[in-house]
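Right, one structure below, let's go through it.
The values are calculated or read from the model by the stated rules, or taken from the named source; none is laboratory data. Note that this is a predicted model, so its numbers are computed, not measured. Every residue, glycine among them, receives a Cβ derived from its backbone with ideal geometry; neighbour counts consider all protein chains shown.
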Amino acid sequence: MLDASRFLTFCVLPKHLFSLLEDSRIYNKAAHNLINWVRGSGGIAHNVYLHGEENGAHALHVRNGVDKDALLLGIPGRCIISEQLIDRSLRSQADFSSVHSLFAEFLLQETVTHSFWRPYIEGLPKRYDHIPVTHEEGHPILGLLKGSHALELQKERRLALLGDYERYAEHTTLPWVAPLEQFIWARMAVTSRIFRFYVDGTSTRGLVPLADMCNHAVNPSARWGYCDASNQFQLCALYPLDPGDEITISYGSKCNSRLYNSYGFILEDNPANLASIRLPLAGEKIHWETPFREDSRPRHYRISRRFNKTHAALLSVLRLSSMTPQEGPGAGMLPVAELPISIANERLALLQLVRLTKRALDGFDTSISEDRLVLDGKGLSPAFRNAISVRMHEKEVLHFTRRCAMFCVRLLQMDGEVLKRKVAQGLISNSEQSAWEKYIEDCILPLRYSQ
């Protein structure tokens, strides 16, 4: 546990850096100084500039037009805060839940010294309150997320963050302990900016000045990676850019709940969105006749629109739950149901899935139509808009899953010959249920055609 007396004695982190960040004029100058620092350290940054955003962050743009594959940015290895650097310079004894906290401790250490990385640290955003992990329980934003996977993720990360702060405060080798607020600031700076890349064939993580100011885009304008030959982290144009165009990169395929909790933004049309489905407790009835069976499989599934391995694993459990004694496995056999057992069993499994999606939707305080009505209104702050959008997008995944499951139930009720004609006419491939086409082709059609 945290030693409160030690904390009170040594909680004397100098405020000079954070007072500087509160002054927007100095902060804008800090962004300019950051580019000069990179260039002065041997980096390539002559054709980029930073444009300030409302939340205090910056976006990277090109000054002059460039061709495809042009080098946009080259950050020398000596300017990168890497895992190897931290291992050499920070002798932390804390057993953190995430390496991000180790980076955060390093940032806090460097704020009170005449650090080589001071231009980078002073160029970081002043606040990260647009990321929900920074909010305590009871915050209005968290209330808007009730019932969502985003809130589950926020709670998991907040708990881990507070645990890491206690470990940091207990085991830091420095003569002072930063207040929780500043530890959270450093941790959010790391989580929202860290890269994973390869140096000499070895995977590593690091904070890469300037490059970490690039925003995410589904169709990014630049690719990135470490060049061993030049000892630089480089950004190169994926297509020709005009003067003033923003340099964007891909943060990877992530659902809005992860984007929101890691970076504080969402995508309006995100095919990677997920929603949570929790299985009931053993013995609890989730349709009119079959109680759910005790099983060692996971009870929490995060599903997307497109049918994948997660859906298959969930349906496997639901098939087992729907088995009649006649359909059950023989003595000593491990119960598995990766493929359909019977038309009747598959129908019951799909109906259980429908009811599970309804349970998940009932966990929200609002409907999709109510969310859309709020989002269509005026005067909604970006923070509230993001929270409402995140929960609405999760509901869309759940509603879509219900529609697909019911569509499959209807397919199971069709005459085999009629179904064949409708499939030939594009009943599946031309509908929204095409996202479940593989399941329908591998499971539903063979069941129906075999009768």
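Quick notes on this structure:
- Gly123 vs. criteria surrounded by 16 or more Cβ atoms within 10 Å (Cβ to Cβ), within 30 Å of His51 (Cβ to Cβ) and not polar (S, T, N, Q): yes
Quick grid of which residues meet (1) more than 26 Å from the chain's Cα centre (by Cα); (2) assigned by TED's automatic domain parsing to the domain that holds Pro140; (3) surrounded by 19 or more Cβ atoms within 10 Å (Cβ to Cβ):
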residue	(1), (2), (3)
His393	no, no, yes
His399	no, no, no
Lys422	yes, no, no
Ser431	yes, no, no
Ile444	yes, no, yes
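- Subset of the stretch 95-115 [touching a helix residue (DSSP H, G or I) at 6+ places or on another chain (Cβ under 9 Å) and not in a helix (DSSP H, G or I)]: Asp95, Phe96, Ser97, Ser98, Thr111, Val112, Ser115
- Residues satisfying the stated conditions in the stretch 112-157, i.e. among the aromatic types (Phe, Trp, Tyr) and more than 17 Å from the chain's Cα centre (by Cα): Phe116, Trp117, Tyr120
Here's the yes/no breakdown for (1) at pLDDT below 95; (2) more than 18 Å from the chain's Cα centre (by Cα):
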| position | (1), (2) |
| --- | --- |
| Asp164 | no, yes |
| Ala169 | yes, yes |
| Trp176 | yes, yes |
| Thr191 | no, no |
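Conditions (1) in the same structural domain as Glu156 (by TED's automatic domain parsing); (2) surrounded by fewer than 17 Cβ atoms within 10 Å (Cβ to Cβ); (3) modelled with pLDDT of 80 or more; (4) closer than 28 Å to Phe265 by Cα, marked per residue:
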{"residue": "Asn36", "(1), (2), (3), (4)": "yes, yes, yes, no"}
{"residue": "Gly43", "(1), (2), (3), (4)": "yes, no, yes, no"}
{"residue": "Glu54", "(1), (2), (3), (4)": "yes, yes, no, yes"}
{"residue": "Asp67", "(1), (2), (3), (4)": "yes, yes, yes, no"}
{"residue": "Arg78", "(1), (2), (3), (4)": "yes, yes, yes, no"}
{"residue": "Ile81", "(1), (2), (3), (4)": "yes, no, yes, yes"}
{"residue": "Gln84", "(1), (2), (3), (4)": "yes, yes, yes, no"}
{"residue": "Ser89", "(1), (2), (3), (4)": "yes, yes, yes, no"}
{"residue": "Ala104", "(1), (2), (3), (4)": "yes, no, yes, yes"}
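- Residue match in the stretch 245-258 (condition: on the phi > 0 side of the Ramachandran plot and within 15 Å of the chain's Cα centre (by Cα)): yes
- In the stretch 144-161, residue surrounded by the fewest Cβ atoms within 10 Å (Cβ to Cβ) [restricted to those that are within 18 Å of Phe265 (Cα to Cα) and among the small types (Gly, Ala, Ser)]: Ser148
- Qualifying position, being surrounded by 13 or more Cβ atoms within 10 Å (Cβ to Cβ), assigned by TED's automatic domain parsing to the domain that holds Glu122 and modelled with pLDDT under 85, among Leu72, Leu21: Leu21
- Scanning the stretch 181-196 for residues that are surrounded by 16 or more Cβ atoms within 10 Å (Cβ to Cβ) and more than 15 Å from Ser98 (Cβ to Cβ) yields Gln182, Trp185, Phe195.
- Of the listed requirements (1) loosely packed, with under 14 Cβ neighbours inside 10 Å; (2) of a type in the set (Val, Ile, Thr); (3) touching a helix residue (DSSP H, G or I) at 6+ places or on another chain (Cβ under 8 Å), Val418 misses just one: (3).
- Count of the stretch 268-301 residues which are at pLDDT 55 or above and either assigned to a loop (DSSP other than H, G, I, E, B) or surrounded by fewer than 16 Cβ atoms within 10 Å (Cβ to Cβ) (or both): 15
- Any hit, the stretch 213-232, residues being at pLDDT below 95, in the same structural domain as Ile131 (by TED's automatic domain parsing) and assigned to a helix (DSSP H, G or I): yes
- Subset of the stretch 302-339 (residues that are more than 23 Å from the chain's Cα centre (by Cα) and modelled with pLDDT of 70 or more): Leu315, Ser316, Val317, Leu318, Arg319, Leu320, Ser321, Ser322, Met323, Thr324, Glu338, Leu339
- Condition met for Gly206 (at pLDDT 95 or above and more than 19 Å from Asp69 (Cα to Cα)): yes
- For the stretch 231-260, residues that are among the polar types (S, T, N, Q) and within 14 Å of His216 (Cβ to Cβ) total 4.
- Screening Val418 against (1) within 30 Å of Tyr263 (Cα to Cα); (2) modelled with pLDDT under 90; (3) aliphatic (A, V, I, L, M) leaves a single unmet condition, (1).
- Screening Asn345, Asn386 for residues that are farther than 20 Å from Ser148 by Cα and surrounded by 14 or more Cβ atoms within 10 Å (Cβ to Cβ) leaves exactly one candidate, Asn345.
- Scope the stretch 199-212; condition among the acidic types (Asp, Glu) and either loosely packed, with under 14 Cβ neighbours inside 10 Å or in a strand (DSSP E or B) (or both); matching residues: Asp200
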